[in-house]
1. May I ask you to list the residues in the range 89-131 that are over 24 Å from residue 208 (Cβ atoms), out of contact with any Lys or Arg (no Cβ under 6 Å at 6 or more places or on another chain) and open to solvent by 20 Å² or more (accessible area, probe 1.4 Å)?
2. Please work out if residue 10 is aliphatic (A, V, I, L, M) and either over 21 Å from residue 135 (Cβ atoms) or in a helix (DSSP H, G or I) (or both).
3. Considering the range 23-45 alone, what residues qualify as being of a type in the set (Gly, Ala, Ser) and either surrounded by 19 or more Cβ atoms within 10 Å (Cβ to Cβ) or in a loop (DSSP other than H, G, I, E, B) (or both)?
4. Starting from the range 176-187, take each residue that is open to solvent by 30 Å² or more (accessible area, probe 1.4 Å) and at pLDDT below 95 and list its partners that are assigned to a loop (DSSP other than H, G, I, E, B) and among the hydrophobic types (A, V, I, L, M, F, W, C), counting only C-beta distances under 7 angstrom and pairs at least six apart or across chains.
5. For the range 50-77, what are the residues that are open to solvent by 30 Å² or more (accessible area, probe 1.4 Å) and among the aliphatic types (A, V, I, L, M)?
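The values are calculated or read from the model by the stated rules, or taken from the named source; none is laboratory data. Bear in mind that the values here come from a model prediction, so they are computed numbers and not experimental data. Methodologically, a virtual Cβ is constructed for each residue, glycine included, from the backbone with ideal geometry; neighbour enumeration extends over all protein chains shown. All accessible areas refer to the heavy atoms of the entire protein, side chains included, with ligands and DNA or RNA removed. Shrake-Rupley method; radii C 1.70, N 1.55, O 1.52, S 1.80 Å.
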Amino acid sequence: MSTARQLAELHWNEKPLYISEEERYGTYPWLYRAGEFNEHKGHQVLEIGCGTGCDLLQFAKHGAIATGIDVTDRHLEIARSRVGNLAKVIKADARELPFLDESFDYVYSHGVIHHCDEPHLIAREILRILRREGRFNIHVYAKWSYNHFRGLQKLGRDWSRHVENSTMPVYIDLYTGRKLRQLFPGIRLTIRKYEFSHWQPLGRWVDWFLVATGSRVA
């Protein structure tokens, strides 16, 4: 049986997820604010799972000293082309980051950790490489969401094959606030929910993304 990492590499090497900045932030109008792209000028920023580099580029454009990691060769190739010399792009596994302790001021990850079957190792690495009082911001799929409910209703157990950009298998875990807090014991998390649309009044119950922010304890 393939590991979660192997599935991810096979999935996105076969069909890389490249979209324009306009399409990405049109589809996710909340992401620019939730990701804090324009709030880290001069900070050392790490993006875990930078994909094709769209979010990484935003940090760099706003003056961050930005580094992105990914495990998918095709995504790394596209990301390097996209960001040029504005940011560093490195092949690395988030479960064992190739950085010294306390190297970064801010760690960001959108839509990545739920594809890992050992997320506790990623959480441990995030806290290790963060500077004292450094902050992290992670976005994962929510278990209690309209997308999950409708997927189960329409497709049953096969719903997860229709979530990403192709039907190739990929590991997906779903999160609750409690499950996120268990990844970061002793850390006070702020957790919000977001969805694709601009309209958020029912977001607490139906939205697809859980966004958790927290700080390393000094």
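1. Quick first cut of the range 89-131, residues over 24 Å from residue 208 (Cβ atoms) only: 89-93, 95-105, 121, 124-125, 127-131.
Applying the additional criterion that residues be out of contact with any Lys or Arg (no Cβ under 6 Å at 6 or more places or on another chain) yields 90-93, 95-100, 103-104, 124-125, 128-129, 131.
Those that are over 24 Å from residue 208 (Cβ atoms), out of contact with any Lys or Arg (no Cβ under 6 Å at 6 or more places or on another chain) and open to solvent by 20 Å² or more (accessible area, probe 1.4 Å): 90, 91, 93, 95, 96, 98, 99, 100, 103, 124, 128, 131.
2. Details: aliphatic (A, V, I, L, M): yes; either over 21 Å from residue 135 (Cβ atoms) or in a helix (DSSP H, G or I) (or both): yes.
So residue 10 passes the test.
3. The first filter runs over the range 23-45 and keeps only residues of a type in the set (Gly, Ala, Ser), leaving 26, 34-35, 42.
Scanning the range 23-45 gives 35, 42.
4. 176/144; 186/217
5. Initially, the range 50-77 is screened for residues open to solvent by 30 Å² or more (accessible area, probe 1.4 Å), giving 61-63, 65, 73-74, 77.
Result: 65, single match.
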